[in-house]
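The values are calculated or read from the model by the stated rules, or taken from the named source; none is laboratory data. If you're wondering where the values come from, they're calculated on a predicted model, not measured in any experiment. As a convention, Cβ positions derive from the backbone with ideal geometry for all residues, glycine included, and neighbour counts pool all protein chains shown. The accessibility values were calculated without ligands, DNA or RNA, using every heavy atom of the protein model including side chains. Shrake-Rupley method; radii C 1.70, N 1.55, O 1.52, S 1.80 Å.
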Amino acid sequence: MKPTLIIDADDTLWENNIFYEQCIADFADLMAIHGFGREEVLRTLEAVERERVPVVGYAPEEFARSLVIAYQRLCAARQRPANDEIAGAAWQIGQRVIEYPIVLLDGVAETLAWLSRHCRLLLLTKGDRKAQESKLARSGLAPLFEAVHIVTEKNAQVLRELLARYGLQPHETWMVGNSPRSDVNPALEAEIGAIYIPHPHTWGFEVEEIAAPERVIVLQRFAELAALFPAP
């Protein structure tokens, strides 16, 4: 039986969080102009996102809305009214992540093409369906995958459902991704292989302690997958 790789998308196949980080930096600069300290801004925005993401999900529009809410909270903490023009500027900053340019990570296209010839490849990504479908279409990578699954959250149950749906054997199935929270630990819990490719700009929301690091294969680059799964 062919090995099966279940592969993450954002910050595994293409750049994602760098565009959010730039927006956050620009938002902090905007807030600084209006008298708010950078640490206070970042702390407030992080609190807003940790409250809102479990409720509203990962749609890019919700990120923009979180910037506006963070501005409003900063104003409330200073007991001063929020300004509609400044709120609008924050919204416009957040809007830039809705359709950012697709920048494939080094070696992704060539390695996926290689792997697709002798592995089963499934794409598993979480987030807003419209946004993720747009990114995949613009990446040009869709034809290399047997199937694409877009879910609201990735966890061990989602992986178990994929095992059942495709008749996969756990010892011949690996989850590949950059997130300890959404890729590595769910794979360990589902008792399939876990391949961790750290990204220097992984979103803090996705970082957590790896449950069983001795069971995890750590790669530095996506292209290293080719050596792990050579042609039979």
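Just need a number here: residues in region 105-131 that are in contact with a strand residue (DSSP E or B) (Cβ under 8 Å, 6 or more places away or on another chain), within 20 Å of Ile18 (Cα to Cα) and at pLDDT 95 or above.
Residues flagged as in contact with a strand residue (DSSP E or B) (Cβ under 8 Å, 6 or more places away or on another chain), within 20 Å of Ile18 (Cα to Cα) and at pLDDT 95 or above within region 105-131 amount to 4.
Cβ contacts < 8 Å: first residue in contact (Cβ under 8 Å) with a residue 40 or more places away in the chain and at positive phi, restricted to region 105-121; second residue open to solvent by 40 Å² or more (accessible area, probe 1.4 Å) and outside any helix (DSSP H, G or I), any location; separation 6+ or different chain. Result?
Gly107/Arg221
Six or more apart or on different chains, Cβ under 8 Å: which pairs go from a residue in region 59-83 that's more than 14 Å from Val97 (Cβ to Cβ) to one that's in a helix (DSSP H, G or I) and open to solvent by 80 Å² or more (accessible area, probe 1.4 Å)? Could you list them?
Ala82/Gln72
Here's a check for you: in region 1-41, which residue that is at pLDDT 95 or above and touching a Lys or Arg at 6+ places or on another chain (Cβ under 6 Å) is surrounded by the fewest Cβ atoms within 10 Å (Cβ to Cβ)?
Here the answer is Ala28.
If you go through region 42-64 one residue at a time, how many are more than 19 Å from Lys126 (Cβ to Cβ), open to solvent by 60 Å² or more (accessible area, probe 1.4 Å) and β-branched (Val, Ile, Thr)?
Within region 42-64, residues that are more than 19 Å from Lys126 (Cβ to Cβ), open to solvent by 60 Å² or more (accessible area, probe 1.4 Å) and β-branched (Val, Ile, Thr) number 0.
Taking into account only those residues within region 175-232 that are out of contact with any strand residue (DSSP E or B) (no Cβ under 9 Å at 6 or more places or on another chain) and small (Gly, Ala, Ser), which is nearest to Asn155 (Cα to Cα)?
Ala211
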